[in-house]
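The values are calculated or read from the model by the stated rules, or taken from the named source; none is laboratory data. Just so it is clear, the structure is predicted and the values come from calculations on it, not from any experiment. Note that each Cβ is placed from the backbone with ideal geometry, even for glycine, and that neighbours are counted across all protein chains shown. What goes into the accessible areas is simple: the full protein's heavy atoms, side chains included, and nothing from ligands, DNA or RNA. Shrake-Rupley method; radii C 1.70, N 1.55, O 1.52, S 1.80 Å.
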Amino acid sequence: MEELLFGGIRMHYHESQFRLSTDSVLAADFVCPRADGTVCDLGCGCGAISLLLLGSHPGITVTGIELQPDAAACARQNALENGLQNRFHVIAGDLREYRALFSPGSFSSVVCNPPYYPVSSGYHAQSPALAAARTELTCTLNDVCACAAWLLKTAGSFTLVHKPERLADLICSLREHALEPKRVRFVRHSSISPVNLVLLEARKGGRPGLDYEPDLILFSPDGAETAEYQRIYHRQEA
């Protein structure tokens with residue numbers, strides 16, 4: 001078991017599990033939940049996104065869904081160790097069984113760091129847990145969007161992070177489930193680097209109209225951390 005302290009949140013995770021990543025940190029920062037919102041974290045793993053959201057938004061509650069029992073147990077332990085057990089509840093279950101797990105319209109926000117790569121992509125991971133986190137072995141992009149659409153109240157928001165090469169697939173799947181893309185931000189390592197990640201927020205039943213936020217640049221040309229990177233990673237608090 002390894003331990004990480006981030007922004008006042010203490011996280012434990014097994015070496016074989018998907019740990020805190022840039023993707024999760026940026027996704028948590030991009031989410032804009034209601035002040036008293038109810039949030040569902042799809043495929044919450046050890047609880048990274050959920051814990052970061054709870055630390056930044058003291059009025060919200062989060063429910064995590066996690067297929068792997070060991071990761072779900074780790075998320076519950078992380079909630080307990082951070083004193084968040086009354087605001088963070090973890091369900092060990094399959095998000096594809098969303099109709100059996102929840103009533104429709106149970107949440108005001110849904111967030112997800114989904115598997116990026118189709119099974120046919122040839123992507124390989126060192127462990128089955130990491131393979132499931134990064135490859136669509138147990139759920140596809142369409143499964144994630146269908147689940148989010150069921151869980152959300154009308155006008156609720158669905159926020160996720162994905163790879164830029166899957167953006168067309170993402171928008172098509174969102175719209176197929178009446179989730180209208182409303183806000184997008186591209187992430188680059190530097191101002192001259194290609195887009196590496198896409199942050200996107202959709203709204204259930206929303207009208208067409210997509211706002212492009214300024215690109216998130218993580219490092220300056222000389223390799224120094226940008227001010228926004230330092231804000232997101234709490235470097236300014238050190």
- Item | Nearest-20 debye value, the chain charge dipole, Cβ charges on Lys, Arg, Asp, Glu | 620 debye
- Which of the GluC sites (Glu not before Pro) found in the range 1-71 are in a DSSP loop and have at most 12 neighbouring Cβ atoms, other than their own, within 10 Å? GLU15
- Message: I want to make sure I understand the PRE zone here: with the label point 7 angstrom from the Cα of ASP215 toward its beta carbon, which residues in the range 157-192 have backbone N atoms less than 13 Å away?
- Response: 185-192
- Hey, if you drop one equal point scatterer on each alpha-carbon of the chain and run the Debye formula without solvent, what base-10 log of I(q)/I(0) do you get at q = 0.09, 0.14, 0.16, 0.17 Å⁻¹? -0.35, -0.90, -1.21, -1.38
- Task: Quantify, in whole percent, the carbon and sulfur part of the accessible surface of the range 165-238 (1.4 Å probe; protein heavy atoms only).
- Result: 52 percent
- Task: Name the residues whose placed amide hydrogens come within less than 5 Å of the amide hydrogen of GLU136, ignoring near sequence neighbours (fewer than 5 apart) on the same chain.
- Result: TYR117, VAL119
- Query: How would THR154, THR138 rank on accessible area, largest to smallest, probe 1.4 Å?
  - Reply: THR154, THR138
- Task: Could you state the accessible area per residue of the chain in Å², with a 1.4 Å probe and every protein chain left in place?
- Result: 46 Å²
- At 20 °C and 1.002 mPa s, grab the translational diffusion coefficient of the range 130-238 from Stokes-Einstein with a Kirkwood Rh over Cα pairs, rounded to a whole number in µm² per second. 139 µm²/s
- Query: Relative to the present Cα-Cα distance, how much length would full extension add between HIS189 and GLU165 at 0.36 nm per residue of separation?
  - Reply: 7.0 nm
- Item | Percent of Cα pairs exceeding the 13 Å cut-off, where the set is the range 19-66 | 50 percent
- Order the following by accessible area, largest value first: LYS163, LYS153. Probe radius 1.4 Å; ligands, DNA and RNA are ignored. LYS153, LYS163
- Okay, helix-only estimate at 222 nm for the chain: each DSSP H run of n ≥ 4 adds -39500 (n - 2.57), divide by all residues, round to 500 deg cm²/dmol; what do you get? -8000 deg cm²/dmol
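Among HIS89, HIS234, HIS162, what's the order by accessible area (1.4 angstrom probe), most exposed first?
Descending accessible area places them as HIS89, HIS234, HIS162.
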- Within the chain, cysteines having no neighbouring cysteine beta carbon under 4.7 Å are CYS32, CYS40, CYS44, CYS112, CYS139, CYS145, CYS147, CYS172
- Query: Applying the Karplus parametrisation 6.51 cos²θ - 1.76 cosθ + 1.60 with θ = phi - 60° to the phi angles of the range 89-104, what ³J(HN,Hα) value in whole Hz is obtained for each residue in order, glycine and proline being reported as x?
  - Reply: 10, 10, 10, 7, x, 9, 4, 5, 9, 4, 5, 7, 8, 9, 6, x
- Amide N of the range 76-112 lying under 15 Å from the label point, which is placed 7 angstrom from the Cα of ALA35 along Cα→Cβ: none
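Could you please state how large a percent of the accessible area of the range 1-99 is carbon and sulfur, counting protein chains only and using a 1.4 Å probe?
For the range 1-99, the apolar C and S fraction of the accessible surface comes to 48 percent.
Suppose every K and R has +1 on its Cβ and every D and E has -1 on its Cβ; what is the size of the dipole of the range 174-227 about the Cα centre, in Debye to the nearest 20?
Details: 8 positive and 8 negative charges, 75 e Å.
In debye, rounded to 20, the range 174-227 gives about 360.
Once the piece of chain linking ALA100 and SER56 is laid out straight, how much longer is it, given 0.36 nm per residue of separation minus the C-alpha distance between them? Intermediate results must be reported in sequence, preceding the final value.
Numbers: separation 44, 0.36 × 44 = 15.84 nm, distance 3.06 nm.
Fully extending the segment from ALA100 to SER56 adds 12.8 nm.
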- P(r) of the range 49-117 over all Cα-Cα pairs, 10 Å bins starting at 0, rounded to whole percent, reads 18, 52, 29, 1
- Item | In Å², nearest 10: area of SER108 left accessible to a 1.4 Å probe | 10 Å²
